[in-house]
Each structure stands twice: as structure tokens, then as C-alpha cells.
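The values are calculated or read from the model by the stated rules, or taken from the named source; none is laboratory data. Please read all numbers here as calculations on a predicted model, not as lab measurements. Ideal geometry is used to build each Cβ from the backbone, glycine not excepted, and the neighbour counts take in all protein chains shown.
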Amino acid sequence: MVDVAAVAPLDDLDPRAIGPYVLLGRLGDGGMGSVYLGRRADAAPTGDAGPELVAVKVIRAVWQAALPTVDPRPVPIS
């Protein structure tokens with residue numbers, strides 16, 4: 001279960017969606033980028049918990065050239 005207190009609200013500069021993922025809040029920021037809490041916009045509910053939540057990391061542009069093969073798979077949060 002996600003600790004809602006650890007999720008900061010999105011601010012005006014944060015994206016609202018990335019690819020198929022709707023962003024629900026910000027989990028953290030670091031030197032490489034930001035990590036958001038998200039879920040697939042087209043996801044069907046999974047039991048009583050609703051759609052699966054994932055962490056979506058957005059890497060800063062300065063790092064993207066250095067990391068051309070970043071794994072785009074979402075990381076499920078339980």
C-alpha cells in the first residue's frame with residue numbers, strides 16, 4: 001500500500017501524463033530527475049484496490065544522451 005503522506009501534489013510545471021500513464025503525484029526528486037506516482041489511463045480495476053500504481057521516473061535532458069538504453073518498463077508499487 002502506498003503511503004499517501006509521501007506523495008506530494010503535482011505543481012504547475014509537472015506533466016499530467018507521460019505516455020499511457022496519468023500522474024497522480026510526485027514521489028521525489030534527485031540529481032537524475034523526478035519520480036512520479038502514476039497509473040495507466042486505460043487500466044481496468046484490479047480487485048478492490050483499483051488500477052495498479054507504478055513509479056514513473058523522468059530523467060533530466062542532460063542525462064538522456066548518456067543513457068540511451070533506459071528501460072521503459074514501469075515499476076509496480078505494492
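Key figures
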quantity	calculated
Residue count for segment 1-38, restricted to those that are outside any loop (DSSP other than H, G, I, E, B) and modelled with pLDDT under 90	3
Scan of segment 43-71 for residues that are under 15 Å from ALA17 (Cβ atoms) and at pLDDT below 85, ordered by number	ALA43, PRO51
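A quick yes/no check of all residues on (1) over 20 Å from ILE59 (Cβ atoms); (2) buried (at least 16 other Cβ atoms within 10 Å of the Cβ); (3) of a type in the set (D, E, K, R):
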| site | (1), (2), (3) |
| --- | --- |
| ALA6 | yes, no, no |
| LEU13 | no, no, no |
| TYR21 | no, yes, no |
| ARG26 | no, yes, yes |
| ASP29 | no, no, yes |
| LEU37 | no, yes, no |
